[in-house]
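Visitor: Take this structure first; my questions come after.
The values are calculated or read from the model by the stated rules, or taken from the named source; none is laboratory data. Bear in mind the structure is a predicted one, so any value in this text is a computation, not a measurement. Cβ atoms come from the backbone with ideal geometry, glycine included; neighbour counts cover every protein chain shown. Keep in mind that these areas ignore ligands, DNA and RNA; they rest on the heavy atoms of the full protein, side chains included. Shrake-Rupley method; radii C 1.70, N 1.55, O 1.52, S 1.80 Å.
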Amino acid sequence: MEKIVSASILSADFLNLGSEIKRAEDAGCRYIHFDVMDGVFVPNISYGLPVLKAVAGAARSVLDVHLMITDPLKYVERFAEKGADIITVHLESESDTAGTIERIHSLGKKAGLAIKPKTPVSAAEKYIDMIDMLLVMTVEPGFGGQGFMPDMPAKIEEARKLIGGRAVPIEVDGGINGSTAELVKNAGADILVAGSYLFKAQDMPAAVKSLLY
């Protein structure tokens, strides 16, 4: 499966968000990763619907929306309306997981399922045939710029075995850089989310290439 870089705008310069998105896309990022945090499900608050609408107006690439919120089912319709292409929800949220995935699909969007580092891969097994992407968090969600957890490649390998021959890509998010990218790709990851590694790079195109090759 082709490898893709998803640029996490959590690390972008928010005073120049439109130009930051263009910079990421021009550098070779095919997805824009949009982290939504409610301060309850994770101990941080990020941004929401008005910012997504603005981003959707500026972006040419796939909008990869990651809902780190307590009750995603309540909000997926609004995120779909504002321009999300992929909506990823957490298995650990309070919403009914199957019902939320079905709702996302009914809105004409792709559905991703995210699992935290301490959640076993086996917990996602019954949803594998329903989802379009599995997101394996390689840090505890909530803050950008964290260090990669060294036991995560084994978890990615387990996820790849669980998926088997299904056309379900594995996305990884957290501490992804030129070194850890090789570890996660070898383990079976397809979509690499990177934030500070890209937006703080002196040469973003070179940083993107270091993730892909």
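Visitor: Take residue 61 and tell me if it is small (Gly, Ala, Ser), more than 13 Å from the chain's Cα centre (by Cα), surrounded by 14 or more Cβ atoms within 10 Å (Cβ to Cβ) and under 21 Å from residue 168 (Cα atoms).
Guide: Judged against the criteria, residue 61 is a match.
Here's the yes/no breakdown for (1) of a type outside the set (S, T, N, Q); (2) in contact (Cβ under 8 Å) with a residue 40 or more places away in the chain; (3) in contact with a strand residue (DSSP E or B) (Cβ under 7 Å, 6 or more places away or on another chain):
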{"site": "102", "(1), (2), (3)": "yes, no, no"}
{"site": "126", "(1), (2), (3)": "yes, no, no"}
{"site": "160", "(1), (2), (3)": "yes, no, yes"}
{"site": "171", "(1), (2), (3)": "yes, yes, yes"}
{"site": "176", "(1), (2), (3)": "yes, no, yes"}
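Visitor: Same structure again: Could you list all residues from segment 64-89 that are part of a strand (DSSP E or B) and either of a type outside the set (Asp, Glu) or surrounded by fewer than 23 Cβ atoms within 10 Å (Cβ to Cβ) (or both)?
Guide: Residues satisfying the conditions are 65, 66, 67, 68, 86, 87, 88, 89.
Visitor: With 56, 7 as the choices, which residue is assigned to a strand (DSSP E or B), among the aliphatic types (A, V, I, L, M) and more than 19 Å from residue 90 (Cα to Cα)?
Guide: It is 7.
Visitor: Determine if segment 90-99 includes at least one residue that is within 16 Å of the chain's Cα centre (by Cα) and not in a loop (DSSP other than H, G, I, E, B).
Guide: Within segment 90-99, one or more residues are within 16 Å of the chain's Cα centre (by Cα) and not in a loop (DSSP other than H, G, I, E, B).
Each row is one residue, and each column tells you yes or no for (1) aromatic (Phe, Trp, Tyr); (2) within 17 Å of residue 2 (Cβ to Cβ); (3) open to solvent by less than 10 Å² (accessible area, probe 1.4 Å).
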| site | (1), (2), (3) |
| --- | --- |
| 165 | no, yes, no |
| 171 | no, yes, yes |
| 175 | no, no, no |
| 183 | no, no, no |
| 186 | no, yes, no |
| 204 | no, no, yes |
